[in-house]
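Values quoted throughout were computed directly from the atomic coordinates according to the rules given, and no laboratory measurement underlies them. No experiment lies behind these values; they were computed from the predicted model shown. Positions of Cβ are generated from backbone atoms using ideal geometry, with glycine treated the same way; all protein chains shown enter the neighbour counts.
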Amino acid sequence: MRERNAIALPGLLMVAVIVALLGLAAYLGITGLGVGDDPVSPGRLVAAVLVATVAGIAGTGFVVIQPNQSAVVTFLGTYLGTVHTSGFTWTWPLTLRRIVSLRVQNFDSQILKVNDAVGNPVEVAAVIVWRVVDTARAVFDVENYEEFVKIQTETAVRHMASLYPYDSYEEGVPSLRANADAVMDSLHRELQDHLQTAGVEVLRTQLRRLAYAPEIAADMLRRQQAEAVVAARSRIVEGAVGMVDMALDMLSKKNIVQLDEEKKAAMVSNLLVVLCSESRAQPIVNTGTLYQ
């Protein structure tokens, strides 16, 4: 099913035409009945009835369409087209007209509990901005396009949440929290594929809620904190080892001091303690002993 345009004429113009037809029917009827010595004319009477019937049928074609709305016109189960002209309009008479909104609409999904890619239960909800772009598909290809949007959105959100972990500290592995833009692009493409059947265009998708389920929220918070501490410590140790290596290399190249393996080990130990300590190191100055 594809949308096509139906006949749409200005309503006031057709009002004038119908009034003229009614006037013609009245004139034919009066003259057909005979005025004065004029005989009765059955032909004029029949013509008057036909013209009045045509005017009455034409009078059923009026429809009022609000801005950013359209009217899907059907006659005896046959799709005749869609009227997009807003205002007081005339279209095919003796037809059914279903008003379809073309305005931008929001759908706020419910908070769904879903298992992410690693099996952790998370709560997720999304806001979808959409509009109808093909009225024929929206009316005839699905039973109820608004319900169709709601169900397909919740299904797509569930599927999207199951493809990614909530959080990931591995490089190259996208997560729901850290890669929101990529996740939303994936959701947008999936939704557009599903909703194209209903003649709906998805304009924007956005996560409204993303959190661990209450039953594991406290445990996962501690896990996040521990993983963050481990990741930070790894970076600190990596940097500290690099600084120690650079210090030993510079001391050796500039011949500032000659260190044996034991003194190098002591120096490495002291530098690592200073660089990796959570608190500021307190130096202890050795001023010698009584036996020196």
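Add +1 for every Lys or Arg and -1 for every Asp or Glu among the other residues with Cβ under 13 Å from the Cβ of MET1, and state the total. Can you show the working numbers first?
Details: positive: ARG2, ARG4, ARG137; negative: GLU3, ASP134, ASP141.
For residues surrounding MET1, the net value is 0.
Can you put VAL139, VAL122 in order of Cβ neighbours within 10 angstrom, beginning with the fewest?
VAL139, VAL122
What relative contact order, as a whole-number percentage, does segment 105-212 give when Cα pairs under 8 Å and 6 or more residues apart are counted?
Working: 193 pairs, mean separation 42.7, N = 108.
Normalised by residue count, the contact order of segment 105-212 is 40 percent.
Any idea what the dipole of segment 105-212 comes to, in debye rounded to 20, about its Cα centre with Lys/Arg Cβ at +1 and Asp/Glu Cβ at -1?
240
Could you list which residues have their amide H under 5 Å from that of ASP116, counting only those 5 or more apart in sequence or on another chain, with H placed in the peptide plane?
VAL122
Mind jotting down the three principal axis lengths of segment 117-180 based on Cα atoms? Whole angstrom, largest first.
Cα spread of segment 117-180 along its principal axes, largest to smallest: 48, 20, 16 Å.
Which ordering of VAL118, VAL127 is given by a fewest-first count of other beta-carbon atoms within 10 Å?
Working: VAL118 11, VAL127 15.
Arranged by neighbour count, lowest to highest, VAL118, VAL127 become VAL118, VAL127.
As a footprinting exposure proxy, order MET1, MET250 by other Cβ within 10 Å, with the fewest listed first.
Exposure proxy ranking, most exposed first: MET250, MET1.
Give me, ordered by chain and number, the residues 5 or more places off LEU102 or on other chains with an amide H under 5 Å from its own placed amide H.
Under 5 Å from the amide H of LEU102 lie the amide H atoms of GLN69, SER70, each far enough along the sequence or on another chain.
Over the C-alpha atoms of segment 9-100, what are the Rg and the largest Cα-to-Cα span, Dmax, in Å?
17.4, 59
Taking segment 105-212 as the region of interest, what is the percent of Cα-Cα pairs per 5 angstrom bin, listed from the shortest bin to the one with the maximum distance?
Computed distribution, short to long bins: 2, 13, 24, 22, 15, 11, 7, 4, 1, 0.
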